[in-house]
Amino acid sequence: MRITVPLKSIKDIDSLVKAGANEFYAGLVTREWHSRYGSSVEVNRRGFLGPRANFTSTANLAAAIQRCHELHRPVFITLNHLYYVDEQMDLVASILKTLNDIEADGVILADMGALLCAREVSPNLKILISGTEMTQNSETSQFYHELGAQRIILPRHLVVSEIRQIIANVPELEYEVFIMNGGCKFSEGLCTVTHSTEFGGLCQFLGLFCNYSYQRANYSPVSLSEEKNLRINELYYHKFFWPYYRTTGVSEFADICGLCAVRALMDAGVGALKIVGRNMSPERVRRQVQLLKRAVHHAATSSCTEDYHQRIKDLYPPPDMCDWGYRCYFPEVRHSNHT
């Protein structure tokens, strides 16, 4: 399994490769885009963070790509805003041509117009479908395969059994899943990336302070007892998880992780595990890469699922956080016999 790692500076490449990074993804905010739109209109869902999460010089990105290629590591560039309007497509095409010219290995896309444009103006770029495109079934995966995609980044909310089925039905594609950081209880395919409030994401603000109700996916209501338990769960999450995460001194600690599922994902045919966090500090990324590398090794060498889960709990402090279950990408794995 490949470990996919965020990159925002050429100076971090060697240490991340030494730690275990197999491939990189990066953002680019060009001078032309910033001149026209500033930080108010997104280019890649983290463009508003500027150099804290992106390359802002094409020359610097080109140099970083060259160094990665010297180390035999591919680099994929995020151009994954949910949509681009017609007046933006000239800049989108320009960015795609530039990425093709500087020999980026691929581009992560979410907008259908950008995908069609990439096929035309940047034929050497591998096309990766962003998780925001919500590939939730094998029919969607097949659709993107027919459009020329080579990899699907699966959305965060899929469970292992659903991932396994998609891969089995459309095995021609590569598949990538999120494994550390960047968790959200909302559907990212509908995300507006409004993360500039004092509370963080606008969705977090609404979830904490607005009156809302729960309902099942089929729109049937939940019972009063069920709603009570759900609200208690929300309270525990915000009271016990987030304060710990924000104050812990453990730099490899992730706000959400799926390490316990690596063995099951490996068996399902997942090829790449993504560490989320283009704006994270390089040292924290490096330590998470080391941690994930050890998890992949344990997944490949453990005798059974129970053995693997115990190794992960011993590996990743603190174990009580795993027992609480508030930071699991794949909570079903903790309570099943996935192998």
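Just so you know, all these numbers are worked out from the coordinates, no wet-lab data involved. Given the structure is predicted, the values throughout are model-derived calculations rather than measurements. Here the Cβ positions follow ideal geometry from the backbone for every residue, glycine too, while neighbour counts run over all protein chains shown.
Please go through segment 1-90 and write out the chymotrypsin sites (Phe, Trp or Tyr not before Pro) that DSSP classes as loop and that have at most 13 other C-beta atoms within 10 Å.
Details: sites: 24, 25, 33, 37, 48, 55, 76, 83, 84; in loops: 83, 84.
Within segment 1-90, the qualifying chymotrypsin sites (Phe, Trp or Tyr not before Pro) (loop, at most 13 other Cβ atoms within 10 Å) are 83.
Mind giving me the FRET efficiency for residue 217 and residue 85? R0 is 22 Å, r the Cβ-Cβ distance, nearest 0.05 is fine.
Values: r = 31 Å, r/R0 = 1.41.
The pair residue 217/residue 85 has a calculated efficiency of 0.10.
Cα-Cα over 28 Å: which of 11/274; 8/97; 18/97? Too far apart for the 28 Å limit: 18/97. Treat each spin label as a single point 7 Å out from the Cα along the C-beta direction, and report the residue 165 to residue 112 distance in nm. Label-label distance for residue 165 and residue 112, simple model: 2.4 nm.
For the pair residue 124 and residue 267, what calculated FRET efficiency results from E = 1/(1 + (r/R0)^6), where r is the Cβ-Cβ distance and R0 = 51 Å, to the nearest 0.05?
Details: r = 33 Å, r/R0 = 0.65.
For residue 267 and residue 124, the calculated efficiency is 0.95.
If R0 is taken as 41 Å, the Cβ-Cβ distance between residue 235 and residue 304 corresponds to a FRET efficiency of 0.70.
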